[in-house]
Structures are given as C-alpha cells and as structure tokens.
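J.: Here it is, the structure, as structure tokens.
Bear in mind these aren't lab numbers, they're just calculated from the coordinates by the rules spelled out. Owing to the predicted nature of the structure, the values given are computational and were not obtained by experimental measurement. Backbone-built Cβ (ideal geometry, glycine too); neighbour counts: all protein chains shown.
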Amino acid sequence: MVKVIECESYEKLSERAADIISEQILVKPNSVLGLATGSTPVGAYQKLVEKYKEGSVDFNGITAFNLDEYCGIDKEHSQSYYTFMRENLFSHVNIDLNNTHIPDGRASDIDKQCSEYDAMIDAAGGIDLQLLGIGGNGHIGFNEPCDCFPVGTHIISLHPSTIEANSRFFDSVDDVPTQALTMGLGSIMKAKKILLLAFGESKRETVKKAFSGPVVPSVPASVLQLHPDVTVLWG
Ligand code: F6R
C-alpha cells in the first residue's frame, strides 16, 4: 500500500522524513536502515543530525546499507557515495562506522561483491526501513528503466538522462561515472517499510507515473505499488 503525503516545503518534507526515521530508531534501536544519496535526502539527514545533537535520536545500535555506489571512482573521491554519507550523516552522529555498508564500486570481482552485499543484508536480518529518492526517469537506487525488474545487487550502465542529471555534481558530464553498483528492486522490495522522498516540479510527473500508472519495468519505482508499506513524501 502506498501512502502519498504532500508537503508544503522542502523543509517540512525533510522534517517529516527525519521524524519517520527517528521513530523507527526509537521503536527498534538496532534497526537496519537502507539509505539513499542524491540531493533530496540531504535535508532529512541535516534534521537527523540536529535530533542527534539534541539527544533525541541515538544511532549507536544502527546498521546501515546504502543503495548504490559509482564504479570507477575511488571511495575517497569527493562525489563517491562513501564520501557523501560521511559528509552528510555518518561523521556527525554516533553510528558505528563498522556497521555502515556501501557497495564497493572498485571491487575486482563485481559478481562476488554483489552477492556478498545481498548476503550481508540478509545476515543483518533484512532492512527495516528503506529510504529512497527517485530519478526523473523513475529509477530507484540505480535501477534504470528496462524490460525486467532486477532482483539482487548488480552492476548497471547509467542511463544518459541519469548521467546528465548527475553531471551537476561533477566538473563536466564527461567526469560522471557511466556505471554503478546498485541494490536490486527485489532487495528494495524486501524492506519492511519504505520511505520515498521526491521534491520539485521536475519530479511531479514521475511520481504520478510511478504511483498512479501501471506497474511496469520502464518505470522502476512503479513496483513499489506492490509493497505493503510505502510512504511517499513529496512537494
Ligand atoms: C541515490 C539514488 C538515486 C537518487 C535519485 C534522485 O542513492 O539511489 O536513485 O535517489 O537519482 O536523486 P536526487 O535526489 O539528486 O534528485
């Protein structure tokens, strides 16, 4: 079931997202969180850091798995998702860094890396709350529109529209990695709860297609209509 909540501003959307995540942590202090990068969740991470500093949320027992990572750049690269997570959340809260996981886009054996990542999620008991953004083309994680719903963690060639969209973070479009490792739609669907954030006029049509249109792999996020517990915050 998908519950869509309209938020009047990015500030409100971020507050609401941080409330949902901190409630999850309060109810289950050893929650396994699935985390996203991109510009949309940055405000929610800021709010979570504020809550941590006020003493109203404790990340000590949390395990985190990120959705995706670029291939072909070092983890210390300024635009890697490893760096993003440290800058936006992990360095500011009391999460044990040993319990934070991001696929290794530099792994020499990609198939092994992907199957190990899925096995680690399973061994942790599965994801309790999965945070998602959504690409303009309907991707979640880096599951790009295609003719099937990929199940597990896998390597993907980024769609030209994703490369174009993400070029805003790089010096030029040619510097954007062309491949990434991403959790599959099956892994995302296995999460007990899902929280998807979408903000801005450019996402309006995508959200409509994903949650009011047919469930089709050409709009990967549409598969979430089949999940029992999805909250979409958008504005
Ligand atoms: C990032 C991710 C992507 C982004 C999506 C939207 O980990 O999984 O699916 O959520 O590309 O990105 P923004 O929020 O920058 O519009």
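J.: Compute the whole-percent fraction of alpha carbon pairs in segment 67-120 spaced more than 16 Å apart.
T.: Tail of P(r) above 16 Å: 44 percent of Cα pairs.
J.: Mind checking which of 22, 108, 167 has the largest fluctuation in a GNM of the chain, springs on alpha carbons under 10 Å?
T.: Among 22, 108, 167, the largest mean-square fluctuation in the Gaussian network model of the chain belongs to 108.
J.: Can you tell me which of 154, 139, 92 moves the most in a GNM of the chain? Springs connect C-alpha atoms under 10 Å apart.
T.: Fluctuation is largest for 92.
J.: Here's a follow-up. State the three equivalent ellipsoid semi-axes of the chain, derived from the C-alpha gyration tensor as the square roots of 5 times its eigenvalues, in descending order and whole Å.
T.: Values for the chain, descending: 23, 22, 18 Å.
J.: Something else about it: For segment 4-74, what's the relative contact order in percent, using C-alpha pairs closer than 8 Å and at least 6 residues apart?
T.: Once normalised by length, the contact order is 40 percent.
J.: Could you tell me what percent of the DSSP beta bridges with both partners in the chain are antiparallel, to the nearest 5?
T.: About 25 percent, rounded to the nearest 5.
J.: Sticking with this structure for a sec: Relative to the Cα centre, what is the charge dipole magnitude of the chain, using +1 at the beta carbon of each Lys and Arg, -1 at the beta carbon of each Asp and Glu, and rounding to the nearest 20 debye?
T.: Using Cβ point charges on Lys, Arg, Asp and Glu, the chain gives about 660 debye.
J.: Would you mind getting the Kirkwood hydrodynamic radius of segment 141-218 from its Cα pairs, rounded to one decimal in Å?
T.: Taking the inverse mean of 1/r over all distinct Cα pairs, segment 141-218 comes out at 14.1 Å.
J.: Ok, one more. Note the direction-averaged projected area, equal to a quarter of the hull surface, for the Cα convex hull of segment 89-161, in nm².
T.: 6.6
J.: Still on this structure: Find the eigenvalues of the gyration tensor of the Cα atoms of segment 75-199, then list the square roots of 5 times those eigenvalues as equivalent ellipsoid semi-axes, largest first, in whole angstrom.
T.: 22, 19, 16
J.: Here is a further query. If you take the Cα Rg of segment 1-141 and divide it by 2.2 N^0.38 Å, with N the number of residues, what do you get?
T.: Taking the Cα Rg and dividing by 2.2 N^0.38 Å, one obtains 1.05.
J.: Output wanted: per-residue J couplings in Hz (rounded whole) for segment 215-225, from phi through Karplus 6.51 cos²θ - 1.76 cosθ + 1.60, θ = phi - 60°, x for Gly and Pro.
T.: Computed from phi, the couplings for segment 215-225 are 7, 9, x, 6, 10, x, 5, 4, 4, 5, 4 Hz.
J.: Oh, and also: Taking neighbour counts of Cβ atoms within 10 Å as a proxy for exposure, in what order, fewest first, do 71, 146 appear?
T.: Fewest to most other Cβ atoms nearby, the residues stand as 146, 71.
J.: Using a Gaussian network model of the chain with C-alpha springs under 10 Å, which one of 32, 207, 215 is most mobile by mean-square fluctuation?
T.: Evaluated over the chain, the most mobile residue of the options is 215.
J.: Whole Å is fine, so just give me how far the alpha carbon centre of segment 44-75 lies from that of segment 108-155.
T.: Between the Cα centres of segment 44-75 and segment 108-155 lies a distance of 18 Å.
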